[in-house]
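The block underneath contains the structure these notes are about, expressed in structure tokens.
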Amino acid sequence: MKASKVGVDSYSLKPLGLSPFELLEWAIINGADGVQFSEGGFPASKAPDKPLLEDLRTYAAENGLYLEWGGGEHIPLDLATGKKKDILAVNRRAAAEAVLVGATSVRSCSGGLMRWKKDSPPTGELLRLSAAALRGARPMLRDHGLTLAVETHFEFTSFELLRLFEMSGAAPGGEIGVCLDTMNVLVMLEDPESAAARLLPWVVTTHIKDGGLLVTEDGLVAFPAEAGTGAVDLPAVIVRLRSLPRQVNLSLEDHGGDFLVPVYDAEFLAGFPDLSVGEMAKLLRTAARTRTAKEAGRMGILDRARWPEVCERRVRRGLQAVRRIAEKGTG
């Protein structure tokens, strides 16, 4: 069986301040098979012209690199103000860019931490609004031959994403799919392999990210870790991805920081009605593995402020680790 392609997500190397072409050069030098521009390649205020995007596509093709694109959104609200937002225009722009660079999907992330904010709209309302937005976007995506890959971020759990897709009339292999982030699901109180299994038919792109989970006096704390050193069962997730009838690229994402999940707060925990006793047991087992690895000095929380000084070395090692995992057992 052919090994999956292993690349890098642009966010991982953001502190280096690389241009899109310099990022592709970094990938070539460091043995990556491609780049996911998870936020799109350019600020909206500096939208590139068609020749520039086509040159990016040509350069990637000449060097055998895959390109994946971002910049999409799925919640039609400004999450800072609560006001309605025209995300169809946002997604149309991202789709046009994706076509020019030869990508087949657009990563979508609305970037919210709604459950952590008391004044946020209820999850059910966000699902209703998002479903309507996705229904409205499907014809445009179909015309472009693209899939909007909704990231497993901090907006919806895998259970809720499945409900969202059903509400939007989507089906696997169509205009709506998933960008599977293997560590973010810990923040949403989901076991990575279990979440991957639930979402598997929908997965079109990935953020392969290792991480850990610690039990503290304030709740559970989730954090990213260097790929291959954390408590996420990346081999099990990658085996599942390899069972798909299509090849899914493994785009490494890594960064510093940590996320408090206040599970001792009954009101907060009630916002996760799909959380089962069995899945919580898996999370506690992950926390036990994290504690053991942390005490042995194999992993720990890295302050976000320190990420710029370590990102290049850690991403380089992480790429090598993901490649070893991906190649193990292939023939």
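For segment 82-173, what's the relative contact order in percent, using C-alpha pairs closer than 8 Å and at least 6 residues apart? Walk me through the numbers before you get to the answer.
Values: 74 pairs, mean separation 35.5, N = 92.
The value is 39 percent.
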Exercise. So what J values fall out for segment 221-227 if you push phi through Karplus, 6.51 cos²θ - 1.76 cosθ + 1.60 with θ = phi - 60°, rounded to Hz, Gly and Pro as x?
Worked result: 10, 9, 7, x, 9, 4, 3
Problem set entry | Span from the segment 170-221 Cα centroid across to the segment 249-327 one, whole angstrom | 11 Å
Exercise. If you average the sequence gap of Cα pairs under 8 Å that are 6 or more apart and divide by the length of segment 130-187, what percent do you get for the contact order?
Worked result: 49 percent
Exercise. Among all helices in the chain defined by DSSP H, which have a length of 20 Å or more along the axis from Cα atoms plus a Kyte-Doolittle mean of at least 1.0?
Worked result: 87-101
Problem set entry | Nonlocal amide H pairs with V178, under 5 Å, H built at 1.01 Å | V150, V203, V204, T205
For this session: Amide H neighbours of S110 under 5 Å, at least 5 residues apart or on other chains, H built in the peptide plane: list them.
Result: H74, I75
For this session: Treat the count of other C-beta atoms within 10 Å as a stand-in for reagent exposure and order W69, W26 from fewest to most.
Result: W26, W69
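Filter the trypsin sites (Lys or Arg not before Pro) in segment 97-197 down to the DSSP loop ones having no more than 10 other Cβ atoms within 10 Å, then list what survives. Walk me through the intermediate numbers first.
Numbers: sites: R107, R115, K117, K118, R128, R135, R142, R163; in loops: K117, K118.
Passing both the DSSP loop test and the Cβ count: K117, K118.
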Problem set entry | Cα-centre dipole for the chain with unit charges at Cβ (Lys and Arg positive, Asp and Glu negative), debye to 20 | 500 debye
Exercise. Pairs of lysine in segment 6-327 with Cα under 23 Å and at least 8 positions apart or on different chains: total?
Worked result: 12
For this session: Identify which of N30, N184, N249 has the largest mean-square fluctuation in a Gaussian network model of the chain, with springs joining Cα atoms closer than 10 Å.
Result: N30
Seminar exercise, completed: Rounded to the nearest 5, the percent of DSSP beta bridges in the chain running antiparallel is 30 percent
For this session: Compute log10 of I(q)/I(0) for segment 287-331 with the Debye formula, placing one identical point scatterer on every Cα and leaving out solvent, at q = 0.13, 0.14, 0.31 Å⁻¹, to two decimals.
Result: -0.44, -0.51, -0.97
Problem set entry | Of the trypsin sites (Lys or Arg not before Pro) in segment 1-103, those whose Cβ has at most 15 other Cβ within 10 Å and which sit in DSSP loop | K2, K83
For this session: Estimate the FRET efficiency between A61 and L88 by the formula 1/(1 + (r/R0)^6), using the beta-carbon distance for r and 30 Å for R0, to the nearest 0.05.
Result: 0.50
Seminar exercise, completed: Along segment 263-274, Karplus-curve 3J(HN,Hα) (6.51, -1.76, 1.60; θ = phi - 60°) to the nearest Hz, with x for Gly and Pro, reads 6, 7, 8, 4, 5, 5, 5, 5, x, 10, x, 8
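Please give the length that would be gained between K118 and M167 if that part of the chain were fully extended, namely 0.36 nm times their separation in residues minus their C-alpha to C-alpha distance (nm, one decimal). Display every interim value, and only then the final one.
Working: separation 49, 0.36 × 49 = 17.64 nm, distance 2.55 nm.
Using 0.36 nm per residue and subtracting the Cα-Cα distance, I get 15.1 nm.
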Seminar exercise, completed: Dividing the mean separation of Cα pairs under 8 Å (6+ apart) by the residue count of segment 6-327 yields a relative contact order in percent of 17 percent
Exercise. So if R0 is 22 Å, what FRET efficiency would S243 and M140 give, r being the distance between their Cβ atoms, rounded to the nearest 0.05?
Worked result: 0.10
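Per residue, what volume in Å³ does the Cα convex hull of the chain take up?
Numbers: hull volume 44.3 nm³, N = 331.
About 134 Å³ per residue, rounded to a whole number.
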Problem set entry | P(r) histogram, all alpha-carbon pairs of segment 239-320 included - 5 Å bins from 0, percent | 3, 10, 12, 16, 17, 19, 15, 7, 1
For this session: State the answer as a single residue: which of L23, L53, G177 lies farthest towards the positive end of the charge dipole of segment 6-327, with beta carbon charges of +1 for Lys and Arg and -1 for Asp and Glu, about the Cα centre.
Result: G177
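Every read-out reported here was derived from the displayed coordinates using simple, explicitly stated rules and does not represent laboratory data. All of these numbers come straight from a predicted model, not from anything done at the bench. Note: ideal-geometry Cβ built from the backbone for every residue, glycine included; neighbour counts use all protein chains shown.
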